[in-house]
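Novice: One structure is given below, represented as structure tokens, and several questions about it will come after.
The values are calculated or read from the model by the stated rules, or taken from the named source; none is laboratory data. Everything quoted here is computed from the prediction, not taken from an experiment. Glycine gets a Cβ as well: all are built from the backbone with ideal geometry, and neighbour counts include every protein chain shown. Remember, those area values only see protein heavy atoms, side chains included, never the ligands or the DNA or RNA. Shrake-Rupley method; radii C 1.70, N 1.55, O 1.52, S 1.80 Å.
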Amino acid sequence: MSPTIEERKRVAAVADGRTARFEALYAATFDRILGYAVRRCDSAEDAADVVAETFAIAWRRIDAVPSGEAARLWLYVVARNVLANHRRGQVRRHTLARAVADQVRGRYAPAADESVEAQAVRTAFDRMSEEDREVLALVAWEGLDAGGVATVLGCSRNAARIRIHRARRRLRHHLAADSPAIPGGAR
Amino acid sequence: MTDNDVDRLARVRDDDLAGTHAGPAAAALRTAIIAGELTAAGPRTPAWRRAADAWRGEPKGLAAQGKRGVTRRLALAAAVVVAVTGTAVLGPSLVEDGTGPATSYADSTIEITRENGDLVARIKDPLADRQRYADAFKAVGKNVEIVLVPVPPAMVGDLINTQGHSGRVSSDLEPIDGNPVDCRSVPAACMLVIRVPIDGDASVTYTFGRPARPGETVAVPDDGPARDAPPDAHSTAGG
């Protein structure tokens, strides 16, 4: 038996609701997820692919995406997973993401006037483990607190707090060891 | 302070990217995602594997824990379908050259498709912000603005005004959901369909009539001052 008009309307309303919800999510979080990807990927194309894949997953799983601020954290988790796959060479090139890549390519120009101090921080940061770097990045770049870091990394809030504390201590240690004269390296 | 030090290492700050989501590139990507074009199997990873990875990446405690098993099975089942049919999904609605405009667009307010050499826009929400329509046309590479004004039932769907380059344009009313409805007598049960040629990039603004909401003042372009719509103008046959 074919569906009644009422049933068809109900199905259409549900579909429209999901679409509207995804559009709202996309509008509220796209810039931030793009920022997350650009800060972690070595090229604009890679970053755009990660964003495209992340939102494609969010669309498929729109009913599972939490509302409010938790949605952003949920997307960070997905993006983090996509990024890990990407590093294993397992994320596709999205033709459609190329136009997005064009918009952020300028961000990949080498910083010409990086101060000696900033260079020292970069060197120290690069020497840290990937795990430590991610903990510090989530706090400094995404502006997350221990609770947010815990959600994204899948650990307890207390564990996140300890990891943030230890990562900061190790960065200071690296800075002090590399450049004892730089104030940032002092306790 | 190490947080500030690390902050300075960021290639870009979120604030620097504010508004990117509203640009044509992001809009075209959003349309493709909603249209399901990004679920097609890629060259490197089988779709089922990506779906399984995506499922594993779900934050603990955020999704309904009790549904996980079912969700996983559904995700895998859906992914297998995608894997089997995936490449067939790639088709004419992909962007033309990767950086050019999309060939189709859909969101909750408007849907634009190609039909017989025309771009056909179906207005799903006649009360939406006109910028949404303009963004949709921009995503398919057209500089077309659509303005919808409340009119008496007999004028719903009519082209009322054209500003800028006047190209070939036509409009029609189509029953929503394919219901058998006489759109001329019950315009509120119908969707406005606008056809413009694919060629040409001139900037143009078209004004069409839409059903008035109950009590809303209607525009009467050629017959002097505006007048109030009958209270039931939105839902009944008019004249």
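Novice: Report the accessible surface area buried between chains B and A, summing both sides, using a 1.4 Å probe on protein heavy atoms only, in Å² rounded to the nearest 100. Numbers along the way, then the final one.
Specialist: Numbers: alone 14540 and 11500 Å², together 20430 Å².
Counting both chains, the buried surface is close to 5600 Å².
Novice: While we're looking at this one, here's another question. Under 10 Å, Cα contacts only: if you run a Gaussian network model on chain A, which one of A:L96, A:L136, A:L75 comes out with the highest mean-square fluctuation?
Specialist: Result: A:L96 has the largest fluctuation of those listed.
Novice: Also, I was wondering about something else. Taking amide H atoms as placed 1.01 Å from N in the peptide plane, list the residues 5 or more away in sequence, or in a different chain, whose amide H sits under 5 Å from that of B:G157.
Specialist: So B:G157 has HN proximity to B:G209, B:R210.
Novice: In a Debye calculation with equal point scatterers on the alpha-carbon sites of the range A:113-187 and no solvent, what is log10 I(q)/I(0) at q = 0.15, 0.23, 0.24 Å⁻¹?
Specialist: Debye output, listed in q order: -0.51, -0.98, -1.03.
Novice: Just reorder A:C41, A:C155 by solvent-accessible area, largest first, 1.4 Å probe, all chains present.
Specialist: Values: A:C41 5, A:C155 35 Å².
Heavy-atom accessible area, descending, gives A:C155, A:C41.
Novice: For a distance above 23 Å, tell me the whole-number percent of Cα pairs in the range B:105-228 that qualify. The partial results should precede the final answer.
Specialist: Working: 2142 of 7626 pairs.
So the portion of pairs separated by more than 23 Å is 28 percent.
Novice: Quick one: net charge of A:M128's neighbours, Cβ under 10 Å, K/R +1, D/E -1?
Specialist: Numbers: positive: A:R127, A:R133, A:R170; negative: A:D126, A:E130, A:E131, A:D132, A:E134.
Cβ neighbours under 10 Å give a net charge of -2.
Novice: Follow-up. How about the range B:13-29: which of its residues lose at least 40 Å² of accessible area in the presence of all protein chains relative to their chain isolated, using a 1.4 Å probe?
Specialist: B:D14, B:L17, B:T20, B:H21, B:A25, B:L29
Novice: First compute the accessible area of chain A with a 1.4 Å probe, then give the percent of it belonging to carbon and sulfur atoms. It would help to have the intermediate numbers written out before the result.
Specialist: On the way: 4440 of 8780 Å².
Exposed carbon and sulfur together represent 51 percent of the surface.
Novice: Measuring from centroid to centroid over Cα atoms, what is the spacing of the range A:8-81 and the range B:146-168 in Å?
Specialist: 36 Å
Novice: Run the accessible area of the range B:105-228 with a 1.4 Å probe and give the carbon-and-sulfur part as a rounded percent. If you can, show how the numbers build up before the last one.
Specialist: On the way: 2660 of 5840 Å².
Of the solvent-accessible surface of the range B:105-228, carbon and sulfur hold 45 percent.
Novice: How far apart, in nanometres, would the label points at B:E115 and B:D129 be if each is projected 7 angstrom from Cα along the Cα-to-Cβ direction?
Specialist: 2.9 nm
Novice: On average, how much accessible surface per residue is there in chain A, in Å², for a 1.4 Å probe, leaving out ligands, DNA and RNA? Present the calculation step by step, with values, prior to reporting the outcome.
Specialist: Working: 8780 Å² over 187 residues.
Using a 1.4 Å probe on heavy atoms only, each residue of chain A averages 47 Å².
Novice: Calculate the spin-label point distance for B:D172 paired with B:N143, positioning each point 7 Å from the Cα along the beta-carbon direction, and give it in nanometres.
Specialist: 2.9 nm
Novice: Here's another thing I want to ask about it. Please list, or write none, the aspartates and glutamates whose alpha carbon is within less than 13 Å of the alpha carbon of B:K142, excluding same-chain residues fewer than 8 places away.
Specialist: Straight-distance partners of B:K142: B:D118, B:D199, B:D201.
Novice: Next up: Along the charge dipole of the range A:102-162, Cβ charges K/R +1 and D/E -1, which of A:V135, A:V149, A:A120 sits furthest on the positive end?
Specialist: A:V149
Novice: How big is the dipole moment of chain A about its Cα centre under a simple scheme where the beta carbon of each Lys and Arg is +1, that of each Asp and Glu is -1, and everything else is neutral? Debye, nearest 20, please.
Specialist: Values: 31 positive and 24 negative charges, 112 e Å.
Roughly 540 debye for chain A.
Novice: Would you mind calculating the relative contact order of the range A:1-109 from Cα pairs under 8 angstrom and at least 6 residues apart, reporting the percent as a whole number? Show your work: numbers first, answer last.
Specialist: Numbers: 73 pairs, mean separation 34.2, N = 109.
With pairs under 8 Å counted, the relative contact order is 31 percent.
Novice: Mean-square fluctuation check for chain A, GNM, Cα pairs under 10 Å: which of A:A97, A:A167, A:A84 is largest?
Specialist: Among A:A97, A:A167, A:A84, the largest mean-square fluctuation in the Gaussian network model of chain A belongs to A:A84.
Novice: Where the convex hull is taken over the Cα atoms of chain A, what is its projected area averaged over directions, in nm²?
Specialist: 14.1 nm²
Novice: Moving on to the next point. What number do you get for the range A:1-109 when its Cα radius of gyration is normalised by 2.2 N^0.38 Å, N = residues? Display every interim value, and only then the final one.
Specialist: Values: Rg = 16.4 Å, N = 109, 2.2 N^0.38 = 13.1 Å.
In units of the globular-protein estimate, the range A:1-109 measures up at 1.25.
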